[in-house]
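The values are calculated or read from the model by the stated rules, or taken from the named source; none is laboratory data. Computed from a predicted model, the values in this text were never measured in an experiment. Cβ placement follows ideal geometry from the backbone for every residue including glycine, while neighbour counts extend to all protein chains displayed. Keep in mind that these areas ignore ligands, DNA and RNA; they rest on the heavy atoms of the full protein, side chains included. Shrake-Rupley method; radii C 1.70, N 1.55, O 1.52, S 1.80 Å.
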Amino acid sequence: TFIFLLFTFICTYALSKTSIIKRITLWFINTKLAKKNGLWFSFLFLLAVLLVGLFISPSVLFVVVLPILNEVFNIAKIDKGEKIGKALLMGLGFTVSISSGMTPIAHVFPILAMEAANIEINALSYMLFAIPTGLIIFLLMFVMLFIIYRPKTDKLINIDTSSLKAEIN
């Protein structure tokens, strides 16, 4: 367990020092589908966080992605008290948490749970159960935050994220 966690934390550190997390996130929010409407933008932003979160520590991921979200708020002129800002920020926190339970890669909790349960299970068996479960929970979270809570997503339509791209290059 210790060697596995040490290796994954080294990988997490290396990923956090490069711009790959930002590049992946920006790729998702700059697709044609994301520019179509705010609901797709929100979904693809959170999906990027979910996918990256499968391989990186949740605290590092949150710290790296939060400035991107804050810049999106600035570009779209979203104030802190607006429902869309609250939904995206809660979505970010929930998505980071969901992703950390889907794989044992760079995540302490699944490994500790497997050890504490004293059950013979390998990482692949764990992921065969946890990834589909996490995807279902992610979709339910999205429905609750963006369909039931119903924030206005108009400000996220076709926003210009070129300033974010310029920071990477």
### Query
To the nearest 10 degrees, how steep is helix 20-29 against the longest Cα principal axis of the chain, on a 0 to 90 scale?
50 degrees
### Query
Carbon and sulfur together cover what percent of the accessible area of the range 124-169 at a 1.4 Å probe radius?
68 percent
### Task
Using just the alpha carbons, could you tell me how many Å³ per residue the convex hull of the range 1-59 encloses?
70 Å³
### Task
Return the single residue from Ile121, Ile105, Ile78 with maximal mean-square fluctuation; model: Gaussian network over the chain, springs between Cα atoms under 10 Å.
Ile121
### Task
In a Gaussian network model over the chain where Cα atoms closer than 10 Å are linked, find which of Met141, Met114, Met127 has the largest mean-square fluctuation.
Met114
### Task
Under 15 Å between C-alpha atoms is the cut-off here; go through the chain and count lysine pairs that meet it, provided they're at least eight residues apart or on different chains.
13
### Task
Grab the beta carbon distance between Leu139 and Ile75, set R0 = 35 Å, and tell me the FRET efficiency rounded to 0.05.
0.85
### Query
Given a 1.4 Å probe and every protein chain left where it sits, what share in percent of the accessible area of the range 1-101 is carbon and sulfur?
72 percent
## Note on the structure
Highest GNM mean-square fluctuation among Phe142, Phe129, Phe45, for the chain with Cα springs under 10 Å, belongs to Phe129
### Summary
Given all pairs of distinct Cα atoms, the range 15-169 yields a Kirkwood Rh in Å of 16.2 Å
### Query
Using alpha carbons only, how many degrees (0 to 90, rounded to 10) separate the axis of helix 83-102 from the longest principal axis of the chain?
20 degrees
### Task
With a/c under 1.5 counting as rounded, go ahead and sort the range 82-169 into rounded, prolate or oblate using the C-alpha gyration tensor (a ≥ b ≥ c being the square roots of the eigenvalues; past the cut-off, prolate if a/b is larger than b/c, else oblate).
prolate
### Message
Which residue, Thr153, Val96, Leu15, has the largest displacement toward the positive end of the dipole of the chain when charges sit on each Cβ (Lys, Arg +1; Asp, Glu -1)?
### Response
Thr153
